[in-house]
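What follows draws every value from the coordinates through simple rules; no lab data is involved. In this text the structure is predicted, and so the values were computed from the model without any measurement. Here Cβ is always computed from backbone atoms with ideal geometry, including for glycine, and neighbour counts include all displayed protein chains.
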Amino acid sequence: MTPTNFAKRVVELTNEKIVQTLADPQIRAQTQFGRGKDNEQETRESIEEIFTRNGLFCTLANNDRINGWNKVRDMMYFDINQDPKLFPKFKIFASCKETIRVYPDMVRDNKNLEDMSKEQEDHICDGDRYLFMHTVKSSEPEMQKDWHTKFEEEITDSQDVRDWEKDT
């Protein structure tokens, strides 16, 4: 699909107004596209300019591969033996067929073991890496709260308790 058709399709399929789209910094490179299936004319515009013209506004993603892949691993980290209440922050649902297909095949780069190989299908994984680099602070996975802790927080957060504390 040409960049013009791709941007139009994304906007068309989205029910919400798209405020921001993270994109690989290469999107700014000015290249020349040949004619597509619809005989779209050649251009020297960047993909970013084409996307913007068609209503898909892009923010350049942080393309730091090493820290990005570490962030993905951090988000997926889970060790039931360490603490059974610990859950990963990134969960992949059964409906995410392409994600389930691609992630298990990701392999490390033979020359740089902290990086993933660039010789594989990695667009879905790159998208996750960009998202995590821009939105998530690295940390240990969240602890699942038991019912008593949740109840206690609800009680101490109520307006009655705050009023009582002011009066005492």
### Task
Fewest Cβ neighbours within 10 Å first, please rank I27, I47 accordingly.
I27, I47
### Total lysine pairs whose alpha carbons fall under 28 Å of each other in segment 65-135 (8 or more apart, or interchain)
11
### Query
Going by how many other Cβ atoms sit within 10 Å of their own, how do F78, F93 line up, fewest first?
F93, F78
## Note on the structure
Between L22 and residues 5 or more places away or on another chain, the pairs with built amide H atoms under 5 Å apart involve T59
### 19 Å cut-off, amide nitrogen to a point 7 angstrom out along K111 Cα→Cβ, residues in segment 40-81
64-67, 69
